[in-house]
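Everything on this sheet refers to the single structure shown next.
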Amino acid sequence: MAAGSARLAVVDFARSTRSLELGEELASFIVDQVVPAEATWAEERAANPDQESPTLQRLAEEARSRGLWNLCVRNTDYGPGLSFVDYAPLAEALGPHRLAQEATNCDAPSNINADAMLAYGSPEQRQRWVEPQLAGQIKSAFAMTEPAVASSDASNLAMTAERHGDSWILDGRKWYVSGVLHPRCRYMMTVANTAPDGPRHGRHTQFIVPVDTPGVTVVRNLPKFGYVDADGHVELSFDRVQVGEDAVLGQVGGGFAIGQARLGPARVQHCMRLIGIAEQALRLMCERSQTRETFGALVSTRANVMDWIAEARIDIDAARLMVLRTAWLMDQQGDKASAPEMSKIKVQVLRTATTVLDRAIQVFGAAGVSDDTPLARWYATVRSLRIADGPDEVHLMAVARRELRRHDPAGRS
């Protein structure tokens, strides 16, 4: 290396002994306990949506006893304190199993809300909301997206919050608010415009709004590609919802920065879980193609199917390496410094998972669009995530702008 040239950092994806042990325990828990219980859990939620599932309660107790609790929480006061590199393979294992995510208290959006609340909440807010959540007693939601504006540009968010004495009055609508209908959901992190004429990134404030606050109304539970989630992706009306000063999270006008800080780790964890879904879709595609014949030959011998399988293997492995590198950067340099990589993986992983699922559905034929396999529901989830947490176009724009600045002959920043 020439004198004075930049030294390349050594990227180390080696997992700690603790992570390896938890990975083995988690795999056993999923195979032996979660998978056999998934159908019963779904039936219980459908039959009694307002009540906690006995199956979930049993599995949560089992997860706790095995040390599989709050695996995603980096704060050592509330979880094992795994690095993101250590947590990535665990999140991948959890990805195809929503029940396992909830049983280990690693389910979105509650887990990401806790991360943000630990960083920005007051001691009183952490005691009232975060500690019960991390103890598994309550859940939470995140109300950001609005039906009347292009919410991919967060500065557009129009729901208002006006100060009235010692209180704030919130008015507006939110939609696709996930998790509100969970029987243990108790609060929402809610973004509202507190300074319509203020600077673009200083107009909004984050509020903690209890879900039973007068004026908060569930308008409807929205489907995603026809699938309706028992925990809800709801449209909410806020009609003169009154909260106190203690509902402000962080600083007035600091909502945009908190939202961005929250969304970064959320995107990375989504990507980790989606790699697990893509892996399972590839497995199903391989198994199906070797048990079906068309025109006298196994589907697995068809050139296009072989290409799909090979491309899936290559793309999943490449996506996993990108996610691990992002996780390593988060561990080494912090979340904010890793933001450029977060944008890249949000595009790449979602594209990879969508393509693999689409091709697996094609190989399954009619069964692929039915509920006899998890493929159709996974596709609905993954395709919708290409809009949630920042659509592809926003992340591509961010990546392009950084690249243009790097190669600007005029030296403009």
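Would you confirm whether any residue within region 362-374 is touching a helix residue (DSSP H, G or I) at 6+ places or on another chain (Cβ under 9 Å), part of a helix (DSSP H, G or I), crowded, with 19+ Cβ neighbours inside 10 Å and among the polar types (S, T, N, Q)?
Checked against the condition, which is being touching a helix residue (DSSP H, G or I) at 6+ places or on another chain (Cβ under 9 Å), part of a helix (DSSP H, G or I), crowded, with 19+ Cβ neighbours inside 10 Å and among the polar types (S, T, N, Q), region 362-374 yields no hits at all.
Which ones in region 103-115 are buried (at least 23 other Cβ atoms within 10 Å of the Cβ) and assigned to a helix (DSSP H, G or I)?
Those that are buried (at least 23 other Cβ atoms within 10 Å of the Cβ) and assigned to a helix (DSSP H, G or I): Ala103, Ser110, Asn111, Ile112, Asn113, Ala114.
Scan (1) in contact (Cβ under 8 Å) with a residue 40 or more places away in the chain; (2) within 25 Å of the chain's Cα centre (by Cα) for the single condition Phe364 breaks and write down its number.
It is condition (2) that Phe364 fails.
If Ala91 satisfies all but one of (1) at pLDDT 95 or above; (2) closer than 20 Å to Arg15 by Cβ; (3) within 14 Å of the chain's Cα centre (by Cα); (4) in a loop (DSSP other than H, G, I, E, B), what's the number of the condition it fails?
Against the list (1) at pLDDT 95 or above; (2) closer than 20 Å to Arg15 by Cβ; (3) within 14 Å of the chain's Cα centre (by Cα); (4) in a loop (DSSP other than H, G, I, E, B), Ala91 comes up short only on (4).
Restricting to region 216-246, count the residues that are within 13 Å of Lys174 (Cβ to Cβ) and without any contact (Cβ under 8 Å) to a residue 40 or more places away in the chain.
4
Can you find a residue that is outside any helix (DSSP H, G or I), modelled with pLDDT of 95 or more and at positive phi anywhere in region 293-304?
Yes, some residue in region 293-304 is outside any helix (DSSP H, G or I), modelled with pLDDT of 95 or more and at positive phi.
Can you work out which of the residues in region 126-155 that are more than 20 Å from Ala108 (Cβ to Cβ) and of a type in the set (S, T, N, Q) is farthest from the chain's Cα centre (by Cα)?
Looking at residues that are more than 20 Å from Ala108 (Cβ to Cβ) and of a type in the set (S, T, N, Q), I get Gln127.
What number of residues within region 379-389 satisfy the criterion of being farther than 18 Å from Pro147 by Cβ and within 14 Å of the chain's Cα centre (by Cα)?
Total satisfying the criteria: 5.
Do any residues in region 400-413 that are loosely packed, with under 10 Cβ neighbours inside 10 Å have Cβ atoms under 7 Å from those of residues that are not β-branched (Val, Ile, Thr), where the two are at least six apart or on different chains, and which pairs are they?
Sorted first by the residue in region 400-413, then by its partner, the pairs are Ser413/Arg405.
The values are calculated or read from the model by the stated rules, or taken from the named source; none is laboratory data. Since the structure is predicted, the reported quantities are computational estimates derived from the model, not experimental observations. All Cβ positions, glycine included, derive from the backbone under ideal geometry; neighbour counts span all protein chains shown.
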